[in-house]
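Take a look at the structure set out below.
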Amino acid sequence: MSPIYIGIIILVLLVLWVVFAYNRFITLVNRAKEAWSDIDVQLKRRYDLIPNLVNTVKGYAAHESTAFEKVTQARAAAMGAGNLAEKSQAELGLTGALKSLFAIAEAYPDLKANTNFLELQRELSDTENKIQASRRFYNGNVRDLNTAVETFPNNLIASFFKFTKLEFFELEADEAAAAKKPVSVKF
């Protein structure tokens, strides 16, 4: 084989590698976007359930208006959060507010027996589980993309085509510890 053929073969292999690497990045980015969309759908479902839950509890515990306001404010903050860090912080606040609401509900046996309340509680619990699963799926896809962006020689293609790392959707260490603390309710 002549050096020209060897050069052409090397050039073709290099072009093929760039094309495959670029397509892999596109696939990873699209998977991460799809995974975020799954989270977004579940969060919207959660936001839609909350007003019904608050109204059901209000009928039994009308004097607990501060807790209702906190849930409403936390829901509004979560819906209006812009970037991923703000969304994580707002979702943590909403989870805490909902825990307070459920703690209040524990003090009202008639409410705990209400079928509407029980169904809303079940749906919200189901939604929370779906959010957790969607978050794991998203974070797995982000991990794969971030690994591809950082590893050699893919990092050369990533920087050339401006592929960047994405943020994980997770609770901060201090926030996670705060989320695990029991909610204190005083009457």
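Quick rundown of the values:
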quantity: Residue among Lys33, Lys112, Lys70 that alone is among the charged types (D, E, K, R), under 27 Å from the mean Cα position of the chain (by Cα) and under 21 Å from Leu124 (Cβ atoms); calculated: Lys70
quantity: Any hit, the range 43-57, residues being touching a residue at least 60 places away in the same chain (Cβ under 8 Å), under 16 Å from Phe169 (Cβ atoms) and surrounded by 15 or more Cβ atoms within 10 Å (Cβ to Cβ); calculated: yes
quantity: Test for Asn23: is it surrounded by 10 or more Cβ atoms within 10 Å (Cβ to Cβ), free of Cβ contacts under 8 Å to residues at least 12 places away in the same chain and more than 27 Å from Pro153 (Cα to Cα); calculated: no
quantity: Pair list, Cβ under 7 Å, 6 or more apart: the range 65-85 residue not hydrophobic (A, V, I, L, M, F, W, C), other residue not in a helix (DSSP H, G or I); calculated: none
quantity: From Val12, Val29, Val57, residue being among the aliphatic types (A, V, I, L, M), touching a helix residue (DSSP H, G or I) at 6+ places or on another chain (Cβ under 7 Å) and within 29 Å of Phe161 (Cβ to Cβ); calculated: Val29
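Rule-based calculations on the coordinates, nothing more; no lab input. Predicted, not measured: the structure shown is a model, and the values here were computed from it. Cβ coordinates were reconstructed from backbone atoms using ideal geometry, including for glycine residues, and neighbour counts include every protein chain displayed.
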